[in-house]
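Structure first, then comments.
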Amino acid sequence: MKISVLSAIAAAAVTLLSCSQVAVTGRNQLSLVSSSEMLTMSTQQYADFLKTNKVIPADDKNSLLVKRVGQKIQQGGERLVHARGKGRRVYGNPSGHEG
């Protein structure tokens with residue numbers, strides 16, 4: 001019984017310590033993997049993906065569609081950031097803009 005209580009307390013402490021706040025929404029998130037680890041893993045996975053899959057040309061109709069959709073998602077995200085007054089927190093400079 002004593003071990004399970006200590007385990008629960010330790011698990012709660014680890015959970016609380018690994019939480020961080022999302023800049024745009026202000027919500028808390030549980031980060032089991034650091035951003036740098038995630039970037040390293042994603043770079044490796046992308047390299048593996050490229051070894052086994054064909055890259056379509058930039059002027060292919062499907063490639064252009066994906067690019068347009070991505071731009072719309074980016075624009076929507078940027079509007080949300082600015083509407084909530086979070087530009088400075090996201091972009092990391094006083095003006096709140098990328099540049």
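Please go through segment 11-62 and give me each residue that is small (Gly, Ala, Ser) and modelled with pLDDT under 95, ordered by number.
Our first condition is that a residue be small (Gly, Ala, Ser); within segment 11-62, this holds for 11-13, 18, 20, 23, 26, 31, 34-36, 42, 47, 58.
Of everything in segment 11-62, those that are small (Gly, Ala, Ser) and modelled with pLDDT under 95 turn out to be 11, 12, 13, 18, 20, 23, 26, 31, 34, 35, 36, 58.
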- Query: Restricting segment 68-99 to residues that are within 26 Å of residue 22 (Cβ to Cβ) and charged (D, E, K, R), which is modelled with the lowest pLDDT?
  - Reply: 98
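The values are calculated or read from the model by the stated rules, or taken from the named source; none is laboratory data. What you see is a predicted model, and the numbers here were worked out from it, not measured in a lab. Methodologically, a virtual Cβ is constructed for each residue, glycine included, from the backbone with ideal geometry; neighbour enumeration extends over all protein chains shown.
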